[in-house]
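Asks: Got a structure for you, written out below as structure tokens; questions coming shortly.
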Amino acid sequence: MIKVENLVKAFGPNRAVDDISFGVERGEVLGFIGPNGAGKSTTMRVVTGFYPPTAGRVTVGGFDVAENPLSAKRLIGYLPENAPGYADMTVHGFLSFAAELRGLRGDARKKAVVRAVETCFLDSVLYQTIDTLSKGYKHRACLAQSIIHDPDILILDEPTDGLDPNQKHEVRGLIKRMGEHKAIVFSTHILEEVEAACTRVIIIDRGKIVANGTPEELKARSEVAGAVRLKACGVTAAELNEKLSVLAARTEILSQDGAHVVARAYPRERGVNGAFAGHIAELAQRERWKLDEIHVEEGRLDEVFRAITLPDTVKGSHS
Amino acid sequence: MNAWANIKAITKRELGGYFTSPVAYVFLVIFLLLAGFFTFTVGNFFERGEASLMSFFTWHPWLYLFLVPAAGMRLWSEERRLGTLELLLTMPITTWQAIVGKFLASWLFLIIALGLTFPVWFTVNYFGSPDNGVIVAGYVGSALLSGTYLAISCMTSAMTRNQVISFIVSVMICLFLILAGFTPVTDLLTRWASPLFVQTIAAFSVMTHFEGFQRGVIDLRDVVFFVSLIGFALFTTGVIIRGHRAG
């Protein structure tokens, strides 16, 4: 549905987006993550037709955004960053206006407004002006605007920014549900959100895509992915370390208090692998350690994110 | 037509925006008070003993000088400040539909304000028998004049997200358009410049072109002057808005 090819967007000498390419199909939820100023919003603004691209091509539903903007824009619902809205309009007036610009008239328009209001839980503030709304409601009013015409494509720039934990949960659920039959791109700073709602993740840094894959694939790139974490009883740290050295590449003692030792053993071969944990469990049985806890680490997205996006100089001083 | 439906939607929203905020009412009251003050007190409406609205229309270029930029300064700068510009321009509408829609809304508002001066027209008809054709021409000219100032305010409003800057710049441009043909200024200019030069400059002035309307003459050349200024200013607005996005 969305195809971005070698997109460049420059502001003067500054290349906010530097030669990126990706595609999103129906049924996919693409999470866009990256540090502030990485080019997430700029990319979204080009895809939605707000900024013309400096170079490269963006097609939406087969329409080139630069050449055929109206046809492309019709397919898109867009929630801009900070969820803007006309301060002096009521929520109802605002949504009606959006529906009208989307070409909905009469009954269809009324129905669309009712549906969007229900989906985004806006009943209680329907006739309040937007400048009197709390941040969460303002955000949802703008979200309602983006789904009013039931678009095939949704572009959401930080859809959960400023929401309370319950609202965040609702919006994530909403994105996931809608993602089953739409193509969705959303950006966020919250990494759990990516794991909770996305089918694919793109990490963007300084205008370039630095990682692109499913959340699982990215997590597997984490240093701890595939390592086994165990909490054992009736063994000393030194002994544990020594015995595990037969199986593991190295063992890291995480904590130690009285009879309990918590350790992380890294396999010789990278990758999430059940066999390694099995061997450790067998070893523990033979040695008569009591295992309180054992599990294979999946890897952590925040760790991958930091490793990829920290500037080289900072990275150097950390490792 | 789809284009007109979009323009209508934007015009409706924008005009609604005036009346849901106190801006419209403050503007209307001040406009009517000042119009009355200039006509009756400064313009000596009664003392003239004429059954005409000359003393009413004469002041319009000066009255609009401050009031029209005040009504137009928020048009685009507010959209940029609130971020709604992004929302508006990612809707399936063209930039010029948005520009025309917003311009028409504000112009309609100014025409409503002008229409509310009807008691002046009643008064002059009550006391005497004026040539109502001349008065209608005056109203048409005044509406075109306010449209021209408004288009200029629209343009300056697109330049900045700061409404104060937008206001000041558009007042300056409108003031130039007045002074270029304002008799005391042109008289001064003729002392050291060639009459042809002064005339050329004066041809760009709204004063020169508004004069005919006040006398009851709707000259096509004057209409073309105002309409082309409006067209030019709105076109420039489009260029400015596109420029912001192109980076």
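Asks: Towards the positive end of the charge dipole of chain B, with charges on Cβ (+1 Lys, Arg; -1 Asp, Glu), say which of B:P69, B:L32, B:T123 has the farthest Cα.
Replies: B:P69
Asks: Between B:F204 and B:N44, what is the FRET efficiency for a Förster distance of 25 Å, r being their Cβ-Cβ separation, to the nearest 0.05?
Replies: After rounding, the FRET efficiency stands at 0.25.
Asks: Could you grab the Rg to Rh ratio for the stretch A:228-297? Cα atoms only, Kirkwood for Rh.
Replies: With Rh from the inverse mean 1/r over Cα pairs, Rg/Rh is 0.92.
Asks: Using only the alpha-carbon atoms of the stretch B:2-246, report the extent along each of the three principal axes, biggest first, to the nearest angstrom.
Replies: Largest first, the stretch B:2-246 extends 57, 46, 32 Å along its Cα principal axes.
Asks: First measure r as the distance between the Cβ atoms of A:R105 and B:T95, then evaluate 1/(1 + (r/R0)^6) with R0 = 22 Å and state the FRET efficiency to the nearest 0.05.
Replies: 0.45
Asks: If I take all pairs of Cα atoms in the stretch A:1-68, what percentage of them are more than 19 Å from each other?
Replies: Taking all Cα-Cα pairs of the stretch A:1-68, the fraction more than 19 Å apart is 27 percent.
Asks: For the stretch B:106-120 and the stretch B:130-169, compute the distance between their C-alpha centroids and round to whole Å.
Replies: Spelled out, the Cα-based centre of one part sits 12 Å from the other.
Asks: Run the dipole for chain A about the Cα centre, Lys and Arg Cβ at +1, Asp and Glu Cβ at -1, nothing else charged, and hand back the magnitude in debye, nearest 20.
Replies: 480 debye
Asks: Which whole-angstrom value gives the distance between the alpha carbon centres of the stretch B:5-39 and the stretch B:211-247?
Replies: Between the Cα centre of the stretch B:5-39 and that of the stretch B:211-247, the gap is 21 Å.
Asks: At 7 Å along the Cα-to-beta-carbon direction for both A:D150 and A:A237, put a label point, then send me their distance in nm to one decimal.
Replies: Simple spin-label model gives 6.2 nm for this pair.
Asks: Would you mind working out the magnitude of the charge dipole of the protein assembly as shown relative to its Cα centre, with +1 at each Lys and Arg C-beta and -1 at each Asp and Glu C-beta, to the nearest 20 Debye?
Replies: Rounded to the nearest 20 debye, it is 460 debye.
Asks: Please tell me the relative contact order of the stretch A:64-173 in percent, rounded to the nearest whole number, where contacts are Cα pairs under 8 Å and at least six residues apart.
Replies: 39 percent
Asks: Taking the Cα centre as origin and putting +1 on Lys and Arg beta-carbons and -1 on Asp and Glu beta-carbons, what dipole magnitude results for the stretch B:165-247, to the nearest 20 debye?
Replies: So the magnitude is around 280 debye.
Asks: Something else: Given a Förster radius of 56 Å and the C-beta distance between B:S21 and A:H181 as r, what FRET efficiency does 1/(1 + (r/R0)^6) yield to the nearest 0.05?
Replies: According to the calculation, E is roughly 0.85.
Asks: A follow-up question, please. Once Rh for the stretch A:2-220 is found with the Kirkwood sum over Cα pairs, what is the Stokes-Einstein diffusion coefficient at 10 °C and 1.306 mPa s, in µm²/s?
Replies: This corresponds to a translational diffusion coefficient of 90 µm²/s.
Asks: From Cα pairs below 8 angstrom and at least 6 apart in sequence, can you work out the relative contact order of chain A, rounded to a whole percent?
Replies: It rounds to 19 percent for chain A.
Asks: At 7 Å along Cα-to-Cβ for each site, give me the label-to-label distance between A:S124 and B:N162 in nm.
Replies: Result: 4.1 nm between the two label points.
Asks: Another question, if that's okay. Determine the sum of side-chain charges near A:A277: Lys and Arg each +1, Asp and Glu each -1, restricted to other residues whose C-beta is under 13 angstrom from that of A:A277.
Replies: -2
Asks: Can I ask one more? Which Cα, out of A:P52, A:G12, A:A275, lies furthest along the positive dipole direction of chain A (beta carbon charges, K/R +1, D/E -1)?
Replies: It is A:P52.
Asks: If I model a spin label at A:K290 and B:N132 as a point 7 Å from the Cα along the Cα→Cβ vector, what separation in nanometres do I get?
Replies: With each label placed 7 Å out from Cα toward Cβ, I get 10.6 nm.
Asks: Would you please calculate the Kirkwood hydrodynamic radius of the stretch A:1-120 over all C-alpha pairs and express it in Å, rounded to one decimal?
Replies: About 16.1 Å for the stretch A:1-120.
Asks: Also, I was wondering about something else. Given the Cα-Cα distance of B:R191 and B:V223 and 0.36 nm per residue of separation, how much length would full extension add, in nm?
Replies: 8.5 nm
Asks: Here is a further query. Pairs of Cα atoms under 8 Å, at least six residues apart: use those to get the relative contact order of the stretch A:228-297, whole percent.
Replies: 45 percent
Asks: Right, something else. Please name whichever of A:M89, A:L104, A:L154 sits farthest to the positive end of the charge dipole of chain A, dipole taken about the Cα centre and charges placed at Cβ: Lys and Arg +1, Asp and Glu -1.
Replies: Toward the positive end, the furthest listed residue is A:L104.
Asks: In bins 10 Å wide, starting from 0, what share of all Cα pairs of the stretch A:67-124 does each bin hold, as a percent?
Replies: Calculated P(r), rounded to whole percents: 20, 50, 27, 3, 0.
Asks: Let me ask something else about it. Compactness ratio of the stretch B:1-83: Cα Rg over 2.2 N^0.38 Å, N = residue count?
Replies: Normalised by 2.2 N^0.38 Å, the Cα Rg of the stretch B:1-83 equals 1.48.
Asks: The protein assembly as shown: D in µm²/s via Stokes-Einstein (Kirkwood Rh, Cα pairs, 37 °C, 0.692 mPa s)?
Replies: 117 µm²/s
The numbers here are math on the coordinates, done by the rules we state, and not lab data. The shown structure was predicted, so the numbers you read here are calculated from the model rather than taken from an experiment. All Cβ positions, even for glycine, are placed from backbone atoms using ideal geometry, and neighbour counts span all protein chains on display.
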